[in-house]
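S.K.: One structure is given below, represented as structure tokens, and several questions about it will come after.
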């Protein structure tokens, strides 16, 4: 059962998130796949009803995607999935200098359902079948062309939202290993900031292998009373493993440090 969500980010964002205990929905036109951010191309008809103009002449690249706000996660039933993804740590977590937030999906879903907003919202796993959907994308573009002379940007985005599985929740097969799950809000405005509370769904913070010991200690002390676990990722023989930070870890580390100090003190002969 896929009951865990993983959200990779950098440490600056982590500190903001922990201060507010909220995640911010980002704009669809700012996702990491540059081709995913490009507008669909269709025809806009002139006043004579005969002349057709390319939509790119009137609509800037990415504008059709701005009203759609997204929160993107990886989804799995095992926490191992999130730390055993070196490419994702490199791409989304500041090249192993960042972190991955682990959330309880059921609790997060509850908060998403309870969001008091007028905008339309939806959630879905990403389907990695876009490679096979060229005909459907062409049909969607043709449908947009059929909107006629009296086109408005919201009229177009309404049409796109009705085809949300294709438009919002489909990507190329090459992305399949990410196991992405998306939460979307159709905001009808590219200026609205929308946040969601994670105070009861945030379970654990995984820190990247390059995060300093000093930062690890600071974070552990910060969230110790918040019922949030902290771990960091180690590597051995090319394989990652998780090291939990807890009282037993620090007791063991203190003993090791004490032995190191004792061993470094010169012994005075009798």
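Read-outs throughout are calculated quantities, based only on the coordinates presented, and are distinct from any laboratory measurement. These numbers come from a predicted model, not from an experiment. So basically every Cβ, Gly included, is an ideal-geometry build from the backbone, and we count neighbours across all protein chains shown.
S.K.: List the equivalent ellipsoid semi-axes of the range 57-125 in whole Å, largest first, each obtained as the square root of 5λ for an eigenvalue λ of the Cα gyration tensor. Could you put the intermediate results ahead of the total?
M.R.: Values: eigenvalues 150, 90, 18 Å².
Each semi-axis is √(5λ); the values are 27, 21, 9 Å.
S.K.: Let me ask something else. By its C-alpha gyration tensor, with a ≥ b ≥ c as the square roots of the eigenvalues, how is the range 173-253 shaped: rounded for a/c under 1.5, else prolate for a/b larger than b/c, else oblate?
M.R.: Values: a/c = 2.86, a/b = 1.54, b/c = 1.86.
Verdict is oblate for the range 173-253.
S.K.: Here's something else I'd like to know. If you count, for each residue, the other Cβ atoms within 10 Å and average over each peptide, how do 200-209, 136-145 line up from highest to lowest? Present the calculation step by step, with values, prior to reporting the outcome.
M.R.: Working: 200-209: 20.7, 136-145: 15.2.
Descending mean neighbour count gives 200-209, 136-145.
S.K.: When the Cα centres of the range 213-252 and the range 103-144 are compared, how far apart do they sit, in Å?
M.R.: With the range 213-252 and the range 103-144 each reduced to a Cα centre, they are spaced 35 Å.
S.K.: Work out the FRET efficiency for residue 138 and residue 236 from their Cβ-Cβ distance, taking R0 = 41 Å, and round it to the nearest 0.05. It would help to have the intermediate numbers written out before the result.
M.R.: Working: r = 50 Å, r/R0 = 1.22.
That gives a FRET efficiency of 0.25.
S.K.: Could I ask something else about it? Multiply the residue separation of residue 22 and residue 223 by 0.36 nm, subtract the distance between their alpha-carbon atoms, and state the gained length in nm to one decimal. Display every interim value, and only then the final one.
M.R.: Values: separation 201, 0.36 × 201 = 72.36 nm, distance 1.48 nm.
Working it through step by step, the gained length comes to 70.9 nm.
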